[in-house]
Structures are given as structure tokens and as C-alpha cells.
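What follows is one structure encoded as C-alpha cells, with my remarks underneath.
The values are calculated or read from the model by the stated rules, or taken from the named source; none is laboratory data. Worth saying up front: this structure is predicted, and the values here are computed from it rather than measured. Neighbour counts are summed over all protein chains in view; Cβ atoms, including those assigned to glycine, are modelled from backbone coordinates with ideal geometry. Each accessible area value is taken on the protein alone, full model and side chains, heavy atoms only, with ligands, DNA and RNA left out. Shrake-Rupley method; radii C 1.70, N 1.55, O 1.52, S 1.80 Å.
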Amino acid sequence: MRAYQGARQQTTPVWFMRQAGRSLPEYRELRVGTRMLDACLNPELASEITLQPVRRHGVDAAIFFSDIVIPLRLAGVDVDIVAGKGPVLGKPIRTAADVAELTSIDPASLDATVFAPIAEAVRRTVTELETIGAGDTPLIGFAGAPFTLAAYLVEGGPSKDHIRARTLMHADPAAWAALMDWTADVTGAFLRAQVLAGASAAQLFDSWAGALSLDDYEQYAAPASARALTHVRDLAYPVAAAGVRSVPIVHFGVGTGELLTAMHDVGADVVGIDYRIPLDEASRRLGHTVPVQGNIDPAILDAPWPVLEAHVLDVLERGKSAPSHVLNLGHGVPPETDPAVLTRLVEFVHGI
Ligand code: CP3
């Protein structure tokens, strides 16, 4: 949390996007017979899966096990996660009439009762972190940014270029704006529920924002991301020595080298950097004033150790050009990753 607040730490903290998931045999075992979204809505299971990588790797943060489409599902949208594919919608949102039907669901209906399984899972996780002697390990909550969620809603599933979503924003800007505002409030409420229940930081994933030009990002995506973040802006968490601090917000997307400043400007405290741009260059684009998170190339996790070690040292060196640095991957842990490599990497970084 101190690194997120801009204070450089003697040892660089490290966690991994998708640290909870298929790379862990204990995850695969727990998930047998339970669908992904059902697992997310089972507090005991979601909490246990969140803790698995903390126990195994000794990472410096837990990331809440859930999915970006959970608030859509809780709002009543027909969405599922197909293994090996990703989120799939029963009925894609393609027209102004589809948008009107979707947005007739009042985001305020997502109240504490609806989010009860999420809040319960977060509370269990925070309590359990203390029980396993990792009480100073923070839990990071997360949500999908409106553009990335809208990309799934409009496409109806995963897509390479998100062309239907990008067409809609230009073809019917009013319908697009209504869709984005609704999505912002739904995903913002999901993030808020996690922080209220005890998450110490919040990460907004705009995974597919890199599909947008800077102009389109600023006009058609950024305002809704800023709106989503207003749902947690007023929240603070207690700090032993210093009273309260506002909840740090991390903003991450893939292929977003051209968007970094705009992504910071929506109200982020920390910018997550993918592996396509070196951290020192990313920091330069951010005026050397913004804490960064990233950006080990996930492909190198499976290279011989000396290659990975040299890469990690290079990332750490480049990270020094930012006020502070939280080490992470440039995207999620690939499912085929040998978990022993991640454990060794954490030990290596902690030993520096
Ligand atoms: O460990 C963590 O990082 C926390 C858990 C987490 C999951 N999804 C669990 C999950 C987080 C932070 C997410 C966010 C998420 N979900 C994003 C943004 C991050 C990113 O990767 O860019 C996106 C785009 C999604 C949508 C989604 N859900 C995809 C693309 C997939 C993968 C589909 C597949 O099978 O390859 C999912 C499913 C999913 N979410 C899994 C996990 C562990 C795999 C489910 C399984 O075990 O079958």
C-alpha cells in the first residue's frame, strides 16, 4: 500500500495478475464440478482460492478471486464464462433498443443484499489473511472498466478487434453513452462493495482499451471509467500509524502505451503497464510522477531461469525511474506456468 501511495520501498513488493487460477493444481482441484461464476459467488470457495497463491508463493498482495462479469450476472444479465474462451452473452447488446432494455435495469438494484456473497467472501479473506499470519498482506479488489465490459456486451463474447463495439460508439454515440454510464455504475458498485467489505486497494481492468485510438479512448471510454471510480473515491481505510488514507486505485490495460496519461487522468493513483513498453519509457510518458505496476513478460516465465532473472532485474532497474514500483506481470499468469517459477521469483525479488 505504501508503494501504491508513491513511497519507494526497500524491497519491491510483488504480486501477479491471475495469481489465483489454473496455474495452481490446488485451484484446479477445488474447481472440479463447479462453474466459474458459481465459484465466484460461493464465499467459502472464492475466499479459499484468493488465499491459495498467498500461502504458496508468499506474494505481497492477495487479489480477490472473482470476475469482471460478476456485477453483470448479479444485475440479471445472461452471461457465463466458457472455459478456455471467456465471457459469453446469451443476447449481445447491438442496437439502441438493446441498450434501452439493458439500462432499464436500475444499477441501484445492486444493493448490499445482492452483493452479500461478494462482501462475505472479502470479509472471510481479510480475516483468514490474519489467521495464516499474513495480516499485513493487503487484499486488492477489482472491477472491469466500462469499455472492456461493453466490448463483451456488444460483441457477445471475446473478440480480437472489438469492431462492433467500436462501430457502435461512432454510429450511435447516444446509445453508446447510455450503455457506458450504466456499465460504469454497475461495475463501480461491485468495486465499492469489495472496498466496503475490507479490500485495501482497487484495480480497474480496462484490458481491451488498447484497441482504441487516444481520441476514441478520451471521448468514448475515459468519462465512464472516471464515473466508475467515483464509486470508491470517497472510501478510505485505516492505517495503524497515520489514521486513514484513501484507497489507492490502480488502472491497467493491455497495449495501452499510447493511453497511459489519459488512463492516469481518469482518477488512478497507479498505472499498470503491460509488457510491450519498458517501464522507464512508461514512467517518462507519465512525467515520472506516477507509481507504476508491471511488467514482466509472461512469456519469459517459461524461459530458462537465468533469462528470467536477467529480465526481472531489467524490469526492476527501469522501475526505478518511477516514484515507486510494484512488480507484477505485463498481463496474467498463463495457465501452463510452472507455479514453482512464481515462488522462486517472489523469493528472488524479496532477497534483493
Ligand atoms: O488472480 C486473479 O487475477 C484474480 C481473479 C481474476 C479472474 N478474472 C479470475 C478468472 C481477475 C482479476 C479477472 C479479471 C478478468 N476477467 C479480466 C481482466 C484481466 C485480464 O486478464 O485482462 C478479463 C478480461 C476477464 C474475462 C475473462 N474471465 C477471461 C478472458 C477469462 C479466461 C477464459 C479462459 O478460460 O481462458 C475469464 C475466466 C477466468 N477468470 C478464469 C479465472 C481464474 C479462468 C476460469 C477457469 O478456471 O476456467
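Of the trypsin sites (Lys or Arg not before Pro) found in the stretch 152-185, those in coil by DSSP whose Cβ has at most 13 other Cβ atoms within 10 Å are Lys160.
For Asp78 and Ser109 in the same chain, what is the full-extension length gain: residue separation times 0.36 nm, less their Cα-Cα distance, in nm? Don't skip to the end; give the middle numbers.
On the way: separation 31, 0.36 × 31 = 11.16 nm, distance 1.64 nm.
That works out to 9.5 nm of additional length.
Across the options Ala108, Leu286, Trp182, the greatest Cα extent toward the positive end of the charge dipole of the stretch 25-351 (unit charges at beta carbon of Lys, Arg, Asp, Glu) belongs to Ala108. Length gained on full extension, Thr34 to Ala303: 93.6 nm, using 0.36 nm per residue less the C-alpha separation. Taken one residue at a time, the phi angles of the stretch 37-43 give Karplus couplings (6.51, -1.76, 1.60, θ = phi - 60°) of 6, 5, 4, 5, 9, 9, x Hz. Gly and Pro are set to x. Here the gap between Ala236 and Phe348, fully extended at 0.36 nm per residue and compared with their Cα-Cα distance, gives a gain of 37.1 nm. Among the lysines, which have Cα under 22 Å from the Cα of Lys160 when same-chain residues fewer than 8 positions away are ignored? Lys160 reaches Lys85, Lys91. Atom-type composition of the exposed protein surface of the chain places 52 percent of the accessible area on carbon and sulfur (1.4 angstrom probe).
In plain terms, the C-alpha convex hull of the chain casts an average shadow of 16.1 nm² when viewed from every direction. Placing unit charges on the Cβ atoms of the charged side chains and taking the dipole of the chain about its Cα centre, the candidate lying farthest along the positive direction among Val349, Ala121, Ile277 is Val349. Using the Cβ of Ala201 as centre and a radius below 14 Å, the other residues enclosed give a net charge of +1, where K and R count +1 and D and E count -1. Coupling constants for the stretch 140-150 follow from the phi torsions by the Karplus curve (6.51 cos²θ - 1.76 cosθ + 1.60, θ = phi - 60°), and in residue order they are 9, x, 8, 8, x, 6, x, 4, 5, 5, 5 Hz; glycine and proline get x.
What is the sum of charges, Lys and Arg at +1 and Asp and Glu at -1, for the other residues whose Cβ falls under 15 Å from the Cβ of Ala97?
Around Ala97, the surrounding residues sum to -1.
Here's the picture: charge each Lys and Arg Cβ at +1 and each Asp and Glu Cβ at -1 in the stretch 25-351, and of Val77, Gly198, Val250 the one pushed furthest to the positive end of that dipole is Gly198.
Roughly what % of DSSP beta bridges within the chain run antiparallel, to the nearest 5?
About 25 percent, rounded to the nearest 5.
Here each label is just a point 7 Å from Cα along the line to Cβ, and for Ala119 and Gln9 those points are 2.9 nm apart. Here the relative contact order of the stretch 25-351, from alpha carbon pairs under 8 Å that lie six or more residues apart, stands at 14 percent. With a sphere of radius 12 Å drawn around the Cβ of Asp216, what net charge do the other residues whose Cβ falls strictly inside it have (Lys, Arg +1; Asp, Glu -1)? Overall, the nearby charge balance is -2. For the chain, the Cβ-based charge dipole about the Cα centre amounts to some 300 debye (Lys, Arg positive; Asp, Glu negative; other atoms uncharged). Per residue, the accessible area of the chain comes to 40 Å² when a 1.4 Å probe rolls over the protein heavy atoms.
Which number comes out as Rg/Rh for the stretch 115-230 once both Rg and the Kirkwood Rh are worked out on C-alpha atoms?
Using Cα coordinates only, the ratio equals 1.08.
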